[in-house]
1. So between residue 37 and residue 269, what do we pick up on full extension, going 0.36 nm a residue minus the alpha carbon distance?
2. Taking H placed 1.01 Å from N in the peptide plane, check which residues at least 5 places from residue 453 or on another chain put their amide H under 5 Å from its amide H.
3. Order of 218-231, 162-175, 133-146 by packing, highest average Cβ count within 10 Å first?
4. What is the sum of charges around residue 328, taking Lys and Arg as +1, Asp and Glu as -1, for the other residues whose C-beta is under 11 Å from the C-beta of residue 328?
5. Quickly estimate the mean residue ellipticity at 222 nm for the chain, helices only: each DSSP H run with n ≥ 4 gives -39500 (n - 2.57), and the total goes over all residues, rounded to 500.
6. For segment 233-242, what does the Karplus curve 6.51 cos²θ - 1.76 cosθ + 1.60, with θ = phi - 60°, yield as ³J(HN,Hα) per residue in whole Hz, taken in order and with x for Gly and Pro?
7. Per residue, how much accessible area does the chain have with a 1.4 Å probe, in Å²?
8. Tell me, what is the 1.4 Å probe accessible area of residue 460, in Å² to the nearest 10?
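The values are calculated or read from the model by the stated rules, or taken from the named source; none is laboratory data. Since the structure is predicted, the reported quantities are computational estimates derived from the model, not experimental observations. When we count neighbours, we look across all protein chains shown, and the Cβ atoms used for this are built from the backbone with ideal geometry, even at glycine. Just the protein is used for accessible areas: all its heavy atoms, side chains included, with ligands, DNA and RNA removed. Shrake-Rupley method; radii C 1.70, N 1.55, O 1.52, S 1.80 Å.
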Amino acid sequence: MSDLHNLSVKALASLLQTKEVSAVEVATRFLARMGGNPHNAFLDIDSEVTLAQARASDVKLANGTAGPLEGVPVAHKDVFVTRDFATTAGSKILSGYRSPFDATVVQRLRTAGMVTLGKLNCDEFAMGSANENSAYGPVQNPWDTARVPGGSSGGSAAAVAAGLAPAATGTDTGGSIRQPASFCGITGIKPTYGRASRYGMIAYASSLDQAGPMARSAEDCALLLSAMCGADLDRDSTSLDMPTEDFSASLNNSLEGLRIGIPKEFFGEGLHADVRAAVDGALREYEKLGAKLVPISLPRTELSIPVYYIIAPAEASSNLSRFDGVKFGHRAKDYTDLVDMYKKTRAEGFGNEVKRRIMTGAYVLSHGYYDAYYLQAQKIRRMIADDFQNAFKECDVIAGPVAPSVAWKFGENANDPVADYLADIFTLPASLAGLPGMSVPAGFGAGGMPVGLQLIGNYFKEAQLLNAAHRLQQATDFHLQKPAGVYTP
Ligand code: GLN
């Protein structure tokens with residue numbers, strides 16, 4: 001079984017349940033692929049821990065107590081705290097930190113039987129769109145190592161695309177699951193805000209942060225999402241009190257008569273022609289599958305950029321105050337008193353983008369500017385959410401590009417943070433509204449780089465998104481294509 005790393009989560013789960021392969025064999029194959037840390041995708045690997053979990057899975061498979069995903073490997077974005085692996089959130093300020101507990105999402109996937117392969121590189125505190133903000137070096141895009149993998153879940157997307165892991169977790173505050181999935185040619189879904197517990201997910205912007213799965217196909221994402229989501233009312237006050245759902249149940253539903261809303265604002269000047277062509281191709285496939293395209297408008301799409309880049313930094317400036325050198329990770333060596341220790345620790349520990357956001361956030365919240373910036377942004381956020389509800393009167397799902405372009409080259413935007421912010425334009429609206437959104441491979445654009453189609457659903461309509469994505473994947477093979485990369489063994 002030398003091609004275990006090419007198999008889907010679904011196929012691996014079934015081979016494990018029928019004992020055609022063992023969890024140790026599967027884990028060993030992926031650990032071999034991960035050797036030398038291709039693309040700098042991982043931040044922590046500990047083969048002893050992984051193999052011990054795999055051995056425990058084999059025992060459960062043998063004695064009939066196996067979970068539905070028993071023995072299937074998964075790797076976690078380094079924003080989820082883990083007991084058995086280090087957690088840094090891509091920041092120097094958390095170097096050497098080890099959590100005393102597992103995040104709920106990590107724990108739930110363990111309960112389903114998944115074996116942890118390690119922790120994945122990401123932008124520092126999930127702030128970024130290219131993975132160039134990691135304190136531990138950027139991740140390469142497996143399709144072209146001179147290009148970024150997207151961000152902030154760049155390690156997650158690269159690992160799945162390169163066959164280093166069959167699936168990964170990501171977090172999405174303003175696009176961090178969807179955009180790297182699009183840039184690396186894989187599938188990713190951000191569920192409705194509140195579906196997955198944020199407990200143990202290092203907070204960036206708490207009113208926006210959501211966890212979700214990244215894998216090759218919608219079918220695999222459905223399996224992981226069902227295991228990840230569920231009420232966690234005692235530990236996350238924004239967790240939704242809803243029963244767990246089997247997101248695989250309706251994957252094969254017919255799309256006959258499905259109304260797909262096409263927001264005109266997603267197809268304006270900023271959209272690159274190659275991305276547009278791939279997205280148009282996917283929309284034509286949907287028409288062949290019986291769906292109807294309906295023109296709609298999301299009139300405040302452009303405003304989502306300033307609104308997000310006020311609200312997210314505001315929340316970040318508060319959330320990141322807990323990193324002061326006292327409780328976690330890095331502490332400055334020489335200091336004169338407590339305040340000096342805080343200042344030096346934070347000056348040394350945080351990278352430039354994180355500092356920029358803390359300063360922006362403190363500014364927009366400060367007395368005298370609060371009404372002009374933060375309060376205005378909150379009001380427009382509500383209007384953006386209302387715009388979606390108006391649109392959903394005319395359509396069932398919304399489709400468009402995930403990002404205006406394919407993955408860019410390293411360094412292209414490095415000295416221009418605003419260029420990265422602008423590239424988030426199509427993912428921010430759904431985040432601000434708390435709606436589920438996903439990225440589905442839709443073809444290839446400039447430089448042979450993957451292009452993702454974004455699907456946005458109404459609240460709690462993840463099953464409908466996964467159904468639409470799965471049907472497209474039955475009709476196309478973009479999600480099955482793999483980069484050429486050289487890996488061991
Ligand atoms: N690119 C956006 C940002 O930098 C989104 C990141 C995310 O979703 N975590 O904030």
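1. Details: separation 232, 0.36 × 232 = 83.52 nm, distance 3.91 nm.
So the chain would gain 79.6 nm between residue 37 and residue 269.
2. Distant-sequence amide H within range of residue 453: 440, 442.
3. Details: 218-231: 25.4, 162-175: 28.5, 133-146: 22.4.
With the highest mean Cβ count within 10 Å placed first, the list reads 162-175, 218-231, 133-146.
4. Values: positive: 98, 322, 327, 331; negative: 324.
Neighbour charge sum, excluding residue 328 itself: +3.
5. Working: 15 runs with 172 residues, N = 489.
Here the helix-only value at 222 nm equals -11000 deg cm²/dmol.
6. 4, 6, 10, 9, 5, 9, 5, 7, 7, 10
7. Working: 17650 Å² over 489 residues.
Ligands and nucleic acids excluded, the result is 36 Å² per residue.
8. Roughly 90 Å² of residue 460 is accessible to a 1.4 Å probe.
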